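FYI, it's all coordinate maths here, none of it is from the lab. All of these numbers come straight from a predicted model, not from anything done at the bench. Glycine gets a Cβ as well: all are built from the backbone with ideal geometry, and neighbour counts include every protein chain shown.
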Amino acid sequence: MLNRPIRNIQDFLLSTYFADGLRITIGVLCPSLILAQFGMLQYGMTLSLGALCISVVDTPGPIVHRRNAMLITTALLSIISILVGLTNKNVYVTGTLLVVCSFIFSMFFLYGNRAAAIGTAVLLIMVLSIDDIRPWREVMLYTLLILAGSIWYTLLSYFVYRLRPYRLVQQTLSDSIHEVSEFLRAKAKFYHEGTDYEKNYAELLQLQVHVHEKQDEVREILFKTREIVRESTPEGRFLLLVFVDMVDLFEQVMSTYYNYKQLHEQFDSAGILPQYEQVINKIASSLDNIAFALKSGGTPTLSRSLVSDVAKLKEEITVLELNNEEKYNTLGLIALKNIEVNIENILSRVKTINGYFNKKEKKNLKKRNIDVDKFVTRQKFDPKLLLENLSFNSSTFRHSLRVAIVMLIGFVVAKSLNFAHSYWILLTILVISKPGFSLTKERNYQRLIGTVVGAFIGMGILVYIHDKHTLFVILLVCMIGSYSFQRKNYVVSVLFMTPYILVLFDFLGMGSLSVARERIYDTLIGSGIALLASYSLFPNWEHEKLKQAMIDVINANKNYFKQVTLLYFEKTHDLTNYKVARKEVYVNSSNLASLFQRMFSEPKSKQVYIQELHQFTVLNHLLSSYIATLSLYNKEHDFIYHNFEELKPVSENTMYLLDQASEHLKVHKEEVSNVPLIRRKNISELALENENMIIAEQFDLIQKVAYDIFKLAEKLKI
């Protein structure tokens with residue numbers, strides 16, 4: 001426990017967040033520092049501004065996408081710099097240009113997060129240049145310096161990547177493994193006596209969102225990086241194998257879902273469940289070791305006691321069986337056995353991944369044939385998509401229109417107040433305005449808290465510290481902190497950013513304590529305008545997207561179940577389709593869970609069917625867990641069912657139930673359907689073989705959950 005804070009600090013210093021912070025700080029600070037030595041600080045600051053704007057689009061991803069985004073942004077920054085510089089003498093022309101650009105570049109959200117970042121970067125240079133009135137010759141020089149700063153940062157980023165081309169993948173893969181370990185710890189809590197099931201489920205669903213996000217980031221970088229896709233180097237093959245095995249391991253973790261309440265009722269007196277919790281937590285720690293080894297370049301170690309702990313667990317189950325005396329029912333003991341076998345399989349996969357780190361093994365790793373195109377989504381920049389979304393039915397269109405109007409209101413307010421740095425109002429509106437109300441509200445609170453606390457810290461620094469060298473060190477620390485946390489924790493990022501700006505203004509001879517007060521006022525004004533607009537101007541509420549998200553997750557689970565049944569019903573089966581279906585379940589489950597969480601930030605009047613939706617989310621998580629368990633019976637345990645024809649009616653009825661649930665969500669029907677559950681015959685004969693009974697019971701469980709989802713879908717009028 002004492003080592004954990006130290007490990008957390010080491011993790012952060014080796015993470016992609018800190019690497020980004022260092023790179024952006026170097027890219028932004030170097031031009032100003034170098035040119036300041038020659039008495040040209042003003043030119044250096046403009047170069048730094050170009051570097052800062054281009055850094056907005058330099059988010060983790062394939063280097064080709066990052067490079068292209070930075071080059072496109074460089075061109076757009078130059079064009080907008082000239083346009084604003086030549087028109088900002090006329091307040092009406094400037095206001096019109098601001099509205100048009102705010103709308104156009106906000107529509108970039110249609111093409112994904114990186115395209116949205118391009119739009120933000122361009123609006124950022126516009127806002128920062130809007131009050132900077134110059135003669136046309138100086139405008140051209142200013143634009144050239146912005147262009148040079150952008151190119152400088154692009155070259156720096158590309159050089160850093162080429163220096164260590166696998167570093168970003170290692171860091172991102174490490175983060176995704178850490179999230180799986182946290183998910184495993186949340187699972188372990190279910191074995192704790194007196195645990196809060198509702199709280200645990202909520203935490204589990206939130207962690208599932210995080211796991212999916214991280215795995216999607218890894219998939220994006222791994223499968224869209226040519227060197228790794230070709231597996232032309234031992235390191236590329238190693239990273240690909242670790243990721244593929246981790247996705248399979250996560251499926252095994254997902255499958256360890258049982259009726260924990262019943263398990264506690266039966267086995268709390270036996271004292272065996274805390275042993276499960278302990279073993280699962282130790283496996284989670286082993287995954288943390290793997291994650292840290294990926295970042296640090298070390299070799300992970302497996303706890304020596306872990307293997308013996310699993311063996312003891314197996315012995316404890318045997319003792320319970322021998323001394324049963326009808327105290328524990330057969331299904332409860334089978335559940336304990338299944339969980340223990342699954343833990344063994346997870347541990348075996350952890351050992352396999354540990355083995356990949358062996359230097360001799362790395363050289364001999366075999367190539368895996370993966371159809372990568374099926375696992376990544378290609379974003380096409382089709383102008384038709386833009387034209388199709390020029391309608392109030394499009395949430396992106398409404399968001400873009402709202403941003404345009406709010407930026408105009410902010411511009412008018414800023415001009416009316418005549419503050420020295422009134423562009424801070426527009427900056428606040430720009431960074432706070434998000435497509436949904438809940439995201440805007442969250443970013444609003446984060447911005448306010450970070451700014452106010454950071455302003456007081458900054459004022460304290462300027463009052464008590466006057467040594468320029470000390471102030472420069474503080475400036476450097478605040479820059480690195482601000483850029484390092486901008487993707488990880490926005491509150492902390494703003495908390496560092498405000499002292500950094502105040503100290504910077506002090507260095508430039510423009511600072512006083514009044515700057516801190518003005519920053520707080522501007523932030524409050526900008527935040528208020530943005531939040532009110534997100535509520536009253538063409539708002540996007542989460543419940544508007546719920547129907548489609550629920551239909552998507554039902555269809556994904558249905559397809560996943562279909563692919564798993566093919567493992568049983570067909571002798572030869574292509575695993576690629578199965579893995580794609582599994583990925584779609586994780587994607588859609590994550591989307592639904594995050595959407596459900598965001599609803600809680602919205603006004604009570606907009607939180608429709610909260611209890612039913614919570615139940616729906618939990619049932620779908622349960623369904624995917626049961627399907628994952630069924631797949632592992634075939635893939636990991638090699639269980640064989642002798643008469644599949646008996647199971648086909650159950651399987652077909654499950655698919656029918658899910659189809660009907662989807663149809664009821666699309667078009668609500670007032671009449672109540674009478675769809676029966678299919679009951680199997682000869683259960684006593686099936687019970688003669690444990691394998692047959694386990695597989696048949698799993699099909700029944702899946703059908704039962706599908707039935708519950710169907711009945712719930714009947715009630716909902718979304």
Checklist outcome for this item: Everything considered on the Cα gyration tensor (a ≥ b ≥ c; rounded for a/c under 1.5, else prolate if a/b is larger than b/c, else oblate), region 528-596 must be described as prolate
Item to check | Rg to Rh quotient for region 1-145, alpha carbon positions, Kirkwood Rh | outcome: 1.07
Item to check | Packing-based exposure ordering (other Cβ within 10 Å, fewest first) of PHE472, PHE109, PHE392 | outcome: PHE392, PHE472, PHE109
Item to check | P(r) weight above 21 Å for region 394-535, C-alpha pairs, percent | outcome: 44 percent
Item to check | Charge dipole of the chain about the Cα centre (unit charges at C-beta), most positive-ward option of VAL406, VAL587, VAL247 | outcome: VAL406
Checklist entry - Looking at SER78, LEU531, LEU144, which one has the Cα that reaches farthest to the positive end of the dipole of the chain (charges on Cβ: Lys, Arg +1; Asp, Glu -1)? => result LEU144
Checklist outcome for this item: To the nearest 20 debye, the chain has a Cα-centred charge dipole, built from +1 on Lys and Arg Cβ and -1 on Asp and Glu Cβ, of 2380 debye
Next on the checklist: Report, in listed order, any pair from LYS187/LYS295; LYS545/LYS715; LYS579/LYS704; LYS261/LYS545 with a Cα-Cα distance greater than 28 Å.
Outcome noted: LYS261/LYS545
Checklist entry - If we count other beta carbons within 10 Å of each Cβ, what is the order of CYS101, CYS30, fewest first? => result CYS30, CYS101
Checklist outcome for this item: Residue-normalised 222 nm signal for the chain, counting each DSSP H run of n ≥ 4 as -39,500 (n - 2.57), nearest 500 deg cm²/dmol, is -26000 deg cm²/dmol
Checklist outcome for this item: In whole µm²/s, the translational diffusion coefficient that Stokes-Einstein assigns to the chain, given a Kirkwood hydrodynamic radius over C-alpha pairs, 25 °C and 0.890 mPa s, equals 87 µm²/s
Checklist outcome for this item: Farthest towards the positive end of the dipole of the chain, among HIS543, SER55, TYR483 and with Cβ unit charges of +1 on Lys and Arg and -1 on Asp and Glu, lies the Cα of SER55
Checklist entry - Can you give the Rg to Rh ratio for region 506-566, taking only C-alpha atoms and Rh from Kirkwood? => result 1.48
